[in-house]
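To start, the structure itself, in structure tokens.
The values are calculated or read from the model by the stated rules, or taken from the named source; none is laboratory data. Fair warning: this is a prediction, and the values are worked out from it, not measured in the lab. Positions of Cβ are backbone-derived with ideal geometry, glycine not excepted, and every protein chain shown enters the neighbour counts.
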Amino acid sequence: MIRTLLLLFIALFIVSSAAAQGRSFDDLKRKMHDIRAEHFAITFDQDSNESKIMAVAENFDQKEASKAGVQAMNFASAFNFAGRSLTAAPSTLIFAFWVLTKRPRFAADHHWAVTSGDKTFELGDARYVSKPNENIEYLNFVLTREDLKKISAPGAKFTIGGYQFTVTPAQTKMLSDLYTLSTP
């Protein structure tokens, strides 16, 4: 009986130790390749002992951008984790819209809502930054993984500052891939 309990304890210890290690940097790179995650980068900063996975989406449809009065608009999202191994899913992700515009378009209204199917999710107001000398605006958000899952649904529509942008299939895949990669 004691021998059986000891063997069970050792087996549980080995399984829990393996689970605690999470996904290594190389495993994450392989996973990116396996799922054909495009426009992704994984980096490690030696000084801070921190890794980052970042994805940059393609631009939204030009007709929708023009309707909003901007030249182009896309988004990027990233999350950081300690060391070179993802041992726990990030609680938050950084999400930013990058807007190319000759005059600020979202300074007065930078509220973001997402419609997916018959549901609408309010994601709040951005931390807004304008760089008029560079003709760019940044709308920065902090999302939870649950938010990321909601916005990565096929056919989602983003409403920002009263203007609607349809999430393209490539953007949807990128968001889904980011969710997958954020799972240890």
Return only the number of the condition from (1) closer than 26 Å to residue 37 by Cβ; (2) in contact with a strand residue (DSSP E or B) (Cβ under 9 Å, 6 or more places away or on another chain) that residue 137 does not satisfy. (1)
Out of the residues in the stretch 144-167 that are among the polar types (S, T, N, Q) and within 15 Å of the chain's Cα centre (by Cα), state the one that is surrounded by the most Cβ atoms within 10 Å (Cβ to Cβ). 152
Residue that is nearest to residue 171 (Cα to Cα), among those in the stretch 111-138 that are part of a loop (DSSP other than H, G, I, E, B) and modelled with pLDDT under 95: 117
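Let's see how each residue does on (1) closer than 30 Å to residue 100 by Cα; (2) at pLDDT below 95:
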site: 8; (1), (2): no, yes
site: 18; (1), (2): no, yes
site: 24; (1), (2): no, yes
site: 34; (1), (2): no, yes
site: 37; (1), (2): yes, yes
site: 40; (1), (2): yes, no
site: 51; (1), (2): yes, no
site: 58; (1), (2): yes, no
site: 66; (1), (2): yes, no
Of the listed residues (78, 96, 89, 107), the one being touching a Ser or Thr at 6+ places or on another chain (Cβ under 7 Å) and either closer than 17 Å to residue 162 by Cβ or not in a loop (DSSP other than H, G, I, E, B) (or both) is 107
When the stretch 133-143 is examined, which residues are found to be surrounded by 12 or more Cβ atoms within 10 Å (Cβ to Cβ) and of a type outside the set (Val, Ile, Thr)? 135, 137, 138, 139, 140, 141, 143
Considering only residues that are surrounded by fewer than 16 Cβ atoms within 10 Å (Cβ to Cβ) and touching an Asp or Glu at 6+ places or on another chain (Cβ under 6 Å), look in the stretch 83-124 and name the one that is nearest to residue 154 (Cα to Cα). 113
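Conditions tested, residue by residue: (1) of a type in the set (D, E, K, R); (2) at negative phi; (3) touching a Ser or Thr at 6+ places or on another chain (Cβ under 7 Å).
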residue	(1), (2), (3)
124	no, no, no
129	no, yes, no
135	no, no, yes
147	yes, yes, no
161	no, no, no
170	no, yes, no
173	yes, yes, no
Selection from the stretch 139-163 of residues that are more than 14 Å from residue 120 (Cα to Cα) and in a strand (DSSP E or B): 139, 140, 141, 142, 143, 144, 163
Filter the stretch 28-58 down to the residues that are surrounded by 12 or more Cβ atoms within 10 Å (Cβ to Cβ) and in a loop (DSSP other than H, G, I, E, B) and list them by number. 35, 37, 38, 39, 57, 58
Can you tell which of 72, 78 is in contact with a helix residue (DSSP H, G or I) (Cβ under 9 Å, 6 or more places away or on another chain), free of Cβ contacts under 8 Å to residues at least 60 places away in the same chain, of a type in the set (A, V, I, L, M, F, W, C) and surrounded by fewer than 16 Cβ atoms within 10 Å (Cβ to Cβ)? 72
